[in-house]
Amino acid sequence: MSNFKIYSTGIVAIALSLATGCTPTTPHDDNISEVPPAQSVQTTESPSPSASPTTSPTTSPTTSPTTSPTTSGQNSLSSSDRQFINAAAQGGLAEVQLGQLASQRGASDAVKQYGQRMVQDHTLVNNQLKQLATQKGVTLPTTIGTKNQQVKQRLSKLSGAKFDRQYLNHMLQDHEKDVSAFQTEAEQGQDPDVKAFAGQTLPILKEHLQQVRSLVNPGNSTSTPTPTSTPTTTP
């Protein structure tokens, strides 16, 4: 019986030692398994909200600046500037054609020379106006218009002193209108390039007006009999 008690107590001791040896392993496993997954889940989910703001600012600014310069870069002239350009183009073509007619059918040398100057000066002005029109995207008229065409037809039927009077009177009235129109555009025009063109052409038109006035004032009496009027005044 004493040996049985000793054997049983040894078994109990071994069982207790095994129980105490297994217990510390369980808390270490719990601490290792619980801590890392909680930290890994939080770190992986945090960058997801930062992705959405990065996409929105990149798309919005790229679309807005591309559309704004295209609309602002388009050259849109006002109605008054367009009317001025079209009227100047028709008037310039008419000055050249009527000047050619004056150099051919004029009776006095003064009228012929004035017609030649109209051809030279207004040809240069017309070329400058063409360059301006192409820059602004405006298609200029290729005809002189109905009113100018009627004047040309009327003058083409005249000759001699009658032609000189009618041509000079028309040049006087036409250049008075041109000077007024170009001066108004140079002061009140909206487009800076069109205003600059009007301001540069205005002195030439004023010279044309002064020259035709000097021809018309004595010209109504001297254009018909140029040789007769000048000798009578000298003695």
Problem set entry | Bins of 10 Å from zero: percent of alpha-carbon pairs in the stretch 68-210 | 12, 40, 30, 13, 4, 1, 0
Problem set entry | Computed lengthening from ILE204 to GLN190, 0.36 nm per intervening residue step minus Cα-Cα distance | 2.8 nm
Problem set entry | Nearest-20 debye value, the stretch 103-167 charge dipole, Cβ charges on Lys, Arg, Asp, Glu | 260
Exercise. Where in the stretch 118-154 does the amide nitrogen come within less than 16 Å of the point 7 Å from the Cα of LYS162, taken along Cα to Cβ?
Worked result: 151-154
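Since every read-out is calculated from the coordinates, none of them should be taken as a lab result. Everything numeric in this text was worked out from a predicted model, so none of it was measured. Methodologically, a virtual Cβ is constructed for each residue, glycine included, from the backbone with ideal geometry; neighbour enumeration extends over all protein chains shown.
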